[in-house]
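**Student:** Dropping the structure in here first, questions after.
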Amino acid sequence: MTADRADADMPTESGPTSHDRPTANRTAVDESRVPGSLGRIGRVVGREVRTVARTRTYVVLAAALAAVLLGLTVTGSATAGYVPTVADLQTPLEALVPVVAVAFGYRAIVSDAERGELDVLETYPVTAWEHVLGVYAGRAVGLLVAVGAPLTLAGAAVAVSREEPAAIYATQRGVDSPILFARFVVLTAAFALVVLAVAIALSALANGARSALALAIVALVGLLVGLDLALVLGLVEGVIPDAALVDALAVSPLSAYRGLVFETVITTAAGTGPRAASPLASLVGFVTWLVGSLAIASWSVGR
């Protein structure tokens, strides 16, 4: 996968042209032209958003994801309501969201390294964490559009085509509500952002494009299969007690996402069902994966 990287939009320092100004005034002017931390991050975010918008691969991925989700919605349970549509979309999203998120992020940092931009950063007042946060935020904008837009359209399709439009928008048990679908959209977006952070970290650790691709494949296998298998093995071997399973699911972003959808959307609408996850533990797991991945990326860039 190649990305048409836009030119780096880094803050620069330029001194006054007049040699008659006092040194103190020249220093004050120079410092006033250097943007603050938020300004430096914002410039990196802008560069990444332009990169995503101008890269055909990302546009094709977003279009393909939209086609799949809208196709499943229209041909699936749209007429039955919001929660049946969630049940139809959840399993495909468990596989598609990690693939799209990794594709958006696995070359984000390593491309800068290959072009020598990380070396150039040493000459600018941009810290490693500012660069990583800007790259992550810029890629996150594109990813949220790619994931959120088709899900929003899917919800609109359900609203139009469902056989009995909801007269009461509520979250009480047994009620099929658009609020429950909105929860599903938010949880899916959060899952995508967590996987993107993991991809950014792997990109920072990679030595080149091939290494980044290899790490991306390993990450997908681990996220989609490896961590879930580890949880199953831990349960079978008695390492994870039965009572602790709902909390242990937070170890895997995929399991945490699946459990949160069941616990806060599907079970809520059904009115009954076994406990599928610990919402608090799952959210803590999401935050840990996200913050930890970005911390690793910042450490790798700054070393």
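**Student:** So how do D247, D176, D242 line up by other beta-carbon neighbours within 10 Å, fewest first?
**Tutor:** D242, D247, D176
**Student:** Magnitude of the Cβ-charge dipole of segment 34-302, K/R +1 and D/E -1, about the Cα centre, nearest 20 debye?
**Tutor:** Details: 15 positive and 17 negative charges, 135 e Å.
The calculation lands at about 640 debye.
**Student:** Something else now. Compute the orientation-averaged projected area for segment 34-302 from the convex hull of its Cα atoms and round it to one decimal in nm². If you can, show how the numbers build up before the last one.
**Tutor:** Details: hull surface 62.5 nm².
Mean orientational projected area (segment 34-302, Cα hull): 15.6 nm².
**Student:** Where the centre of each part is set by its Cα atoms, how far does segment 125-139 sit from segment 230-268, in angstrom?
**Tutor:** A separation of 33 Å, based on Cα centres.
A short reminder: the numbers here are calculations on the coordinates, not readings from a lab. Note that this is a predicted model, so its numbers are computed, not measured. Every residue, glycine among them, receives a Cβ derived from its backbone with ideal geometry; neighbour counts consider all protein chains shown.
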